[in-house]
Amino acid sequence: MLLMSNVSKIYPGGSTALQDVNIHIEPGEFVFVVGPSGAGKSTFIKMLFREVIPTTGSIFVNGIDILKLQEKEIPYMRRQLGIIFQDYRLLPDRTVYENVAFAMQVIEAPHRKIKRRVMNVLELVGLRNRCNSYPNELSGGEQQRIAIARAIVNDPLLVIADEPTGNLDPETSWDIMEIFKEINASGTTIVMATHDKEIVDAMGKRVIAIEKGRIVRDEKNGVYGYEL
Amino acid sequence: MDMSFSTKEYFVRETYKSIRRNGFMSFASISTVAVSLLVLGMFLLIFLNTNNLAKYLESQVQISVYMLDEADNEELESVGKRLSEMEGVEKVTFISKDEALEKFRERLGDQQQLLDSLGSDNPFPNYFDVQVDSPERIQQLTPQISELPQVETAKFGQEVVENLFQLTRILRFGGIMLVVFLSMATLFIISNTIRLTVFARRKEVVIMKYVGATDWFIRWPFLLEGMTLGFFGAIVAALLINIIYSGLQTKIYATLAFLPLLPAYPLLTYVSFFLLVAGTGIGALGSYISLRKFLRV
Ligand SMILES: Nc1ncnc2c1ncn2[C@@H]1O[C@H](COP(=O)(O)OP(=O)(O)O)[C@@H](O)[C@H]1O
Ligand SMILES: [Mg+2]
């Protein structure tokens with residue numbers, strides 16, 4: 001599903017964000033990427049959808065060497081991914097329904113498919129009855145659920161999330177994690193950067209720990225392993 | 001361009017929303033396009049007409065001898081006789097005021113209503129059409145003819161032709177300068193409007209990229225917005241040009257009856273079509289400039 005070999009990233013300013021990262025993730029896995037602030041988690045996440053290009057190394061996503069793709073092939077690569085951010089990144093002037101449908105419109109999905117599919121994913125994230133509300137009428141947790149619905153509406157093979165519960169209280173975070181569990185249970189691979197020790201420890205999934213740009217630990221059924 | 005119905009619908013909706021959101025700037029853009037194209041269109045019409053007039057005059061080997069209205073029949077006859085006796089004159093034809101009016105009526109074709117504005121006045125003088133054997137003869141005879149009694153003026157095409165071609169050159173140069181200047185102003189204001197749109201939608205653009213929209217899918221609504229602004233500006237300009245030229249034609253026929261103005265149609269159809277293409281093109285170019293600068297896709 002995902003293969004990184006000898007990946008390093010040195011930003012133009014000279015700061016080394018990642019060093020010699022080697023990772024192999026199988027289809028269907030649920031992987032946490034943990035580490036202190038500034039460790040390189042976001043850089044790691046951004047490299048998966050070619051937002052950040054590594055200085056050296058190679059990255060394969062679903063068998064494709066994404067660093068060898070031409071510019072015009074990148075959109076098609078991204079259609080196999082679902083991306084979720086800490087700050088939701090919703091469009092405030094569009095309803096819940098429109099925010100999710102947007103992801104299907106821009107990849108030119110057929111009209112008649114959009115409605116049914118959007119309602120289905122809104123059902124999955126529990127927002128079917130709020131489909132005509134605007135994001136600012138909803139709580140943070142609900143907004144993140146819109147973002148999750150948008151990320152999975154096009155049936156991605158891999159869902160990538162950068163601190164998706166970073167702005168949410170513990171209880172809401174758990175609701176969100178339940179949704180991720182469900183998505184993972186249907187076979188979708190999930191890679192999630194997080195700070196949330198409690199969640200990581202309780203989920204018992206694979207944990208990749210990064211410190212100062214290096215992978216210091218990679219365990220199946222791992223724990224967070226840092227003091228807060 | 002191969003796109004599905006829902007995609008086209010999406011583009012049209014986005015374009016409409018954006019033009020409304022930019023309200024004042026959209027209005028300013030449409031107005032600027034309209035003014036620029038109006039000037040461009042006017043220049044085109046003046047240029048085509050001057051050219052046409054020069055060609056028309058050049059082809060003449062004749063002198064028109066316009067008589068004063070107070071000349072009586074005897075005097076007219078005597079002038080006619082003296083004209084036909086001059087050396088190099090091949091044919092002298094007398095055209096009375098009434099005949100002149102009638103000739104003009106024929107030339108008008110289906111635009112007879114232009115004559116209504118004349119009322120009962122007949123602005124045409126009595127005149128002689130003097131055919132000579134060569135263009136050189138014209139230079140020599142015209143001063144002599146002007147001296148004959150009761151002659152108001154003796155005119156021939158060639159001298160005007162030189163001036164007209166001169167004028168055409170000036171018009172062409174001045175026109176091109178003005179059109180270039182106005183096009184730049186138009187490009188500037190359209191690309192500015194699109195810049196506002198890009199700015200207003202930068203969040204959307206980022207999300208579009210994350211969910212896998214192609215670059216062209218992202219660009220289209222912006223290009224369409226520019227093209228729409230250009231197109232509407234051109235429609236305004238084309239309407240104004242049609243109204244102005246038709247109106248001017250009525251006025252010119254009523255006062256400068258001899259001026260062979262190009263008929264309104266199909267001339268105005270071509271000019272309008274040209275303006276629409278130019279407006280839409282400028283709109284597309286204006287957006288493209290802005291996209292190159294401000295939309296990193
Ligand atoms: N765009 C950038 N330009 C320069 N340095 C950056 C950039 N993004 C991140 N960095 C640096 O790279 C390091 C890793 O950052 P990041 O990947 O955001 O870590 P994390 O998400 O774990 O907090 C930090 O030292 C940060 O300052
Ligand atoms: Mg981060």
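Quick note: the coordinates plus some simple rules give every number you see, no bench work behind them. Model, not experiment: these values are computed from the prediction. Note that each Cβ is placed from the backbone with ideal geometry, even for glycine, and that neighbours are counted across all protein chains shown.
Provide, for segment A:1-132, the number of lysine pairs with alpha carbons under 27 Å apart, each pair being eight or more places apart or on different chains. Lysine pair count for segment A:1-132: 9.
With the cut-off at 1.5 for a/c, could you classify the protein assembly as shown from its C-alpha gyration tensor as rounded, prolate or oblate?
prolate
For segment B:20-151, lysine pairs with C-alpha atoms less than 22 angstrom apart, excluding pairs fewer than eight positions apart on the same chain, total 4. What you get for the protein assembly as shown, charging only the Cβ of Lys and Arg (+1) and of Asp and Glu (-1), is a dipole of about 2960 debye around the Cα centre. Candidate membrane-span-like segments in chain B, meaning DSSP H helices with Cα atoms spread over at least 30 Å of their own axis and a Kyte-Doolittle mean of -1.0 or above, are B:23-58, B:157-200, B:215-255, B:264-294, with no membrane implied.
The label point for A:ASP20 and the one for B:ARG20, both projected 7 Å from the Cα toward the Cβ, are 6.0 nm apart.
Evaluate the charge dipole of segment B:197-243 about its Cα centre and quote only its size in Debye, nearest 20, assuming +1 on the Cβ of each Lys and Arg and -1 on the Cβ of each Asp and Glu. Intermediate values should be presented prior to the final figure.
Values: 5 positive and 3 negative charges, 41 e Å.
The dipole of segment B:197-243 has a size of about 200 debye.
For the peptides A:189-198, A:173-182, residues were scored by their other Cβ atoms within 10 Å and the scores averaged per peptide; the highest-first order is A:189-198, A:173-182. Dipole of segment B:209-297 computed with +1 at Lys/Arg Cβ and -1 at Asp/Glu Cβ about the Cα centre; of B:PRO263, B:GLY247, B:VAL211, farthest Cα towards the positive end is B:VAL211. Projecting the Cα atoms of A:ALA185, A:MET77, A:TRP174 onto the charge dipole of chain A, computed from C-beta unit charges around the Cα centre, puts A:MET77 farthest toward the positive end.
In debye, nearest 20: dipole of chain A around its Cα centre with unit charges on the Cβ of K, R (+) and D, E (-)? Working shown, then result.
On the way: 27 positive and 29 negative charges, 160 e Å.
I would put it at about 760 debye.
Want the number for B:ILE176 to B:GLU147: 0.36 nm per residue separation, take away the alpha-carbon distance, what's left? Display every interim value, and only then the final one.
Working: separation 29, 0.36 × 29 = 10.44 nm, distance 4.34 nm.
Stretched out fully, the B:ILE176 to B:GLU147 stretch lengthens by 6.1 nm.
Here's the picture: charge each Lys and Arg Cβ at +1 and each Asp and Glu Cβ at -1 in chain A, and of A:ILE64, A:ASN132, A:TYR97 the one pushed furthest to the positive end of that dipole is A:ILE64.
Counting Cβ atoms of other protein chains within 10 Å of each residue's Cβ and taking the mean over peptide B:212-223 gives 4. Taking each DSSP H run with n ≥ 4 as -39500 (n - 2.57) and averaging over every residue of chain B yields -25500 deg cm²/dmol at 222 nm.
What net charge is computed for the residues neighbouring A:MET104, neighbours being all others with C-beta under 12 Å from the C-beta of A:MET104, Lys and Arg scored +1, Asp and Glu -1? Walk me through the numbers before you get to the answer.
Working: positive: A:ARG79, A:ARG112, A:LYS113, A:LYS115, A:ARG116, A:ARG117, A:ARG150; negative: A:GLU98, A:GLU108, A:ASP155.
Charge balance near A:MET104 sits at +4.
Between helix A:140-152 and chain A there is an angle of about 80 degrees, using the helix long axis and the longest principal axis of the Cα atoms.
Counting helices only, and only those DSSP H runs with n ≥ 4, report the 222 nm mean residue ellipticity of chain A as the sum of -39,500 (n - 2.57) divided by its residues, in deg cm²/dmol to the nearest 500.
Values: 7 runs with 73 residues, N = 228.
About -9500 deg cm²/dmol.
For A:LYS212, a cut-off of 13 angstrom between C-alpha atoms picks up these aspartates and glutamates, skipping any fewer than 8 places away in its own chain: A:ASP20.
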